[in-house]
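Here the structure is laid out as structure tokens; the discussion comes afterwards.
The values are calculated or read from the model by the stated rules, or taken from the named source; none is laboratory data. Just so it is clear, the structure is predicted and the values come from calculations on it, not from any experiment. Here the Cβ is made from the backbone with ideal geometry for all residues, glycine too, and neighbour counts use every protein chain on show. Keep in mind that these areas ignore ligands, DNA and RNA; they rest on the heavy atoms of the full protein, side chains included. Shrake-Rupley method; radii C 1.70, N 1.55, O 1.52, S 1.80 Å.
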2 protein chains.
Amino acid sequence: MLTLSESGPLSPPQLGSRHWPGLIHHYAQWLPVTDATPVVSLCEGNTPLIAAPAIAKRMGKPCEVYLKYDGLNPTGSFKDRGMTMAVSKAKEAGASAIICASTGNTSAAAAAYAAQGNMKAYVVIPDGYVAKGKLAQTLMYGAEIIAIKDNFDKALAMVRQLTEKYPVALVNSVNRYRLEGQKTAAFEVVDSLGDAPDWLCIPVGNAGNITAYWMGFCHYYQHKKATRRPRMMGFEAEGSAAIVRNQVIEHPETIATAIRIGNPASWVRAKASYQASHGTIDSVTDDEILDAYRLLARSCGVFCEPASAASVAGLLKYRDQVPAHARIVCVLTGNGLKDPETAILHSHAQIQTGVEPDLKSIVKAMGMD
Amino acid sequence: MLTLSESGPLSPPQLGSRHWPGLIHHYAQWLPVTDATPVVSLCEGNTPLIAAPAIAKRMGKPCEVYLKYDGLNPTGSFKDRGMTMAVSKAKEAGASAIICASTGNTSAAAAAYAAQGNMKAYVVIPDGYVAKGKLAQTLMYGAEIIAIKDNFDKALAMVRQLTEKYPVALVNSVNRYRLEGQKTAAFEVVDSLGDAPDWLCIPVGNAGNITAYWMGFCHYYQHKKATRRPRMMGFEAEGSAAIVRNQVIEHPETIATAIRIGNPASWVRAKASYQASHGTIDSVTDDEILDAYRLLARSCGVFCEPASAASVAGLLKYRDQVPAHARIVCVLTGNGLKDPETAILHSHAQIQTGVEPDLKSIVKAMGMD
């Protein structure tokens, strides 16, 4: 027995048959990797598909609704799927450092995979962005954070320019390996259900994830791992609905910060995806998102990021079009613990305080007297 | 095809072969359930076992270290394993409501499983406990929170008394089904590694989890699913080290709030467990816990609760006793996102602000000039 190397070759470690070695090892034949790829993994993927009978009931007809809860990835979002690929391929290409411009889930994932891969991670953000709380994960994972005196677009332009001249790998969404990793979520849905669902409801921000899911469903369909492909039902937030309105939104605004994007990077491919699938991309309001966010927690026991709830908000909006006996999967992209402030502000829950410490008073407070 | 009922019978839904149906369905033969048990599940369990080469390297000899990251359960802690059992058995017994006295991970898990099971959840806490943030999950999941004008011990006494007289099920750690669910984590470790590890390092607070793991390892060993049992290495925080000091701690104090317990409920069984396994229960200081907490994030890419890091702090303390070629599993009980404040206070990370938005300045800030 030997010490495990810091990053292994493509063959997974020799462990028990039920060991989940991470998505690259598990789906290697479907990914642009070889035995020479040093796999940097946190055992991402293999996330649960949770039955949501309370949401199915709201459809008003017999059907099945499942939640693909990607908030249970190692850093709490679906970004880990793309990042294990991007970081492994960067390492394969000889990079010892990675960089991105991001203030959210991408920077957390980049920092974590760099840590596991024994690489440096740099995150460039606009100065004046003082919400240190939002960066708690990235700080913990030990990334170097550099705040420039300019806006986000400039930060992205600088990291692009920098990676052309220095041996630092760019892991922003322009990195083509990101979507390759993300498409494995579609494989997991099919492997879990035994076939593709009828509908796939998904939040749309940068539009990469809907594109990646469609890639995954098409690959499996072409290779006869599924007998059909789902209708892709993508949902943007109304305040940043660039694709729906067919125009760049200069100042996107929505409570669903993870999809607050006015000029989606994968705009064209996302449009092709939903059209080819006979699906749609529509928008949902912040109120609809918050209603779905509360419904998921209160009726299904699943606490997701506000942006994630856009998929369920969209399904509720389209409930009249759901065919009877349909099997529907709603994608929940991030963990609710990423954003406790929104939970506290919008839970609509009350704490009963000052209750006397006797049985009668407590029973009364419980409404059981 | 039919609408899924709100809580299914023991036979898992007919889905694909790779579907993870939650730990009760998967490990039914090892649990006190029957076909009549209405299973309330969020697909808990099946959490990753992540290789930690950076920690193995610190042992100074060839060995393997893995992290059993139970912070990736649906509500972010190992409590979900026990709660799926406790809530399913409460439902089987006819209860339509559950109750607990807890301010932390237990109340979050209770509230989530009640939501999925279409039951009411009540949480009784001491008044003056104003940290609403800590309760964000419980509030979101829609539990009724009742704050009494007394301390935690009184809250626990009241819920015990109440459940004797009213049709509300007690899901505090005195509920015997909790440990039954928790023991499945040991099954997963063996199923993943192919056999039991040499050492199992685990945080000790209420001492239920070390007891449950030992139960699980013993069951599997007795039924020849494992050829051996691990040494159980439990670690309390120094400021609440009741078992180590062999005395109740009246005012336990530690940064690791999830194990800040002065009178562990499973004290006697935990002691029997580590002794039977030729293991130990020792304590680690808050500084050692914080060092391990940072090490896990910065060198392994895993962000856990401070209490979880006690297992790794303990392993580092005992590194000289690790046998060469040992296979070691450290249990990480909770997700770091549960406690962002500690991360922000103790990350030791810096943000470089006010950097000029030109390539030269950024490269200099990165230390690459």
In nm, the gap between the two label points placed 7 Å beyond Cα toward Cβ at B:R176 and B:K224 is 3.0
Karplus-derived 3J(HN,Hα) from phi for the stretch B:22-27 (6.51 cos²θ - 1.76 cosθ + 1.60, θ = phi - 60°), whole Hz, x at Gly and Pro, runs x, 6, 5, 4, 5, 10
Heavy-atom accessible area per residue of chain B, all protein chains kept, 1.4 Å probe, expressed in Å², is 36
Ignoring ligands, DNA and RNA, the residues of the stretch B:101-119 whose accessible area with a 1.4 Å probe is reduced by 20 Å² or more relative to the chain alone are B:A115, B:Q116
Yeah, the stretch A:231-369 with a ≥ b ≥ c from its alpha-carbon gyration tensor (a/c under 1.5 is rounded, else prolate when a/b outruns b/c, oblate otherwise) is prolate
Expressed as a whole-number percentage, the relative contact order of chain A with C-alpha contacts under 8 angstrom and at least six residues apart is 17
The correct ranking of B:T34, B:T353 by accessible area at 1.4 Å, largest first, is B:T353, B:T34
Honestly the stretch B:318-369 on the Cα gyration tensor test (a ≥ b ≥ c root eigenvalues; a/c under 1.5 rounded, otherwise a/b vs b/c for prolate or oblate) is just oblate
Expressed as a percent, the portion of alpha-carbon pairs in the stretch A:182-275 spaced more than 24 Å apart is 24
Taking Cα pairs closer than 8 Å and at least 6 residues apart, the relative contact order of the stretch A:220-369 in percent is 20
For the stretch A:47-136 the mean separation of alpha carbon contacts under 8 Å (6+ apart) over residue count, i.e. relative contact order in percent, is 21
Using alpha carbon positions and the Kirkwood radius, the Rg to Rh ratio of the stretch B:117-240 is 1.07
At R0 = 35 Å the Cβ-Cβ FRET efficiency linking B:D35 and B:Y166, nearest 0.05, sits at 0.75
Given backbone amide H placed at 1.01 Å from N, residues whose amide H is under 5 Å from that of A:T353, ignoring those fewer than 5 places away on the same chain, are B:A147
SASA check, B:H26, accessible area w/ 1.4 Å probe, all protein chains in place, rounded to nearest 10 Å², comes out at 60
Per-residue ellipticity at 222 nm attributable to helices in chain B (runs of n ≥ 4 DSSP H, -39500 (n - 2.57) apiece, nearest 500 deg cm²/dmol) works out to -10500 deg cm²/dmol
With one decimal in nm and the nearest listed first, the spacings from A:N246 to its own position in the other copies, using label points 7 Å along Cα-to-Cβ, are 8.1
For the axis mapping A onto B, the chain A residue whose beta carbon sits nearest, plus its rounded distance in angstrom, comes out as A:L337, 2
If labels are modelled 7 Å from Cα along the Cβ direction, A:D153 lies from its partners in the other copies at nm distances, smallest first, of 6.4
Rounded to the nearest 100 Å², the accessible area hidden between B and A, summed over both chains at a 1.4 Å probe radius, is 9100
extent check for the stretch B:19-154: Cα max minus min per principal axis, descending, whole Å, gives 54, 43, 24
Across B:C201, B:C63, B:C304, the residue with the highest GNM fluctuation in chain B (Cα network, 10 Å cutoff) is B:C63
Here the correct list, in nm and shortest first, of distances from B:H278 to the same site in the other copies, label points 7 Å along Cα→Cβ, is 6.7
Applied in sequence order to the stretch A:44-57, the curve 6.51 cos²θ - 1.76 cosθ + 1.60 (Karplus, θ = phi - 60°) yields integer Hz couplings, x standing for Gly and Pro, of 5, x, 6, 7, x, 10, 9, 5, 10, x, 5, 7, 4, 4
Dimensionless Rg/Rh of the protein assembly as shown, both radii on Cα and Rh by Kirkwood, sits at 0.95
Here the gain from full extension of B:D369 to B:Q350, 0.36 nm per residue of separation minus their alpha-carbon distance, amounts to 4.9 nm
Cα-based Rg/(2.2 N^0.38 Å) for chain B, rounded to two decimals, is 1.03
Taking R0 as 41 Å and r as the Cβ-Cβ distance between B:H325 and B:V268, the FRET efficiency 1/(1 + (r/R0)^6), rounded to the nearest 0.05, comes to 0.75
Ignoring ligands, DNA and RNA, the residues of the stretch B:65-90 whose accessible area with a 1.4 Å probe is reduced by 20 Å² or more relative to the chain alone are B:Y66, B:L72, B:P74
Expressed as a percent, the accessible surface of chain A that is carbon or sulfur, using a 1.4 Å probe and the full set of protein chains, is 48
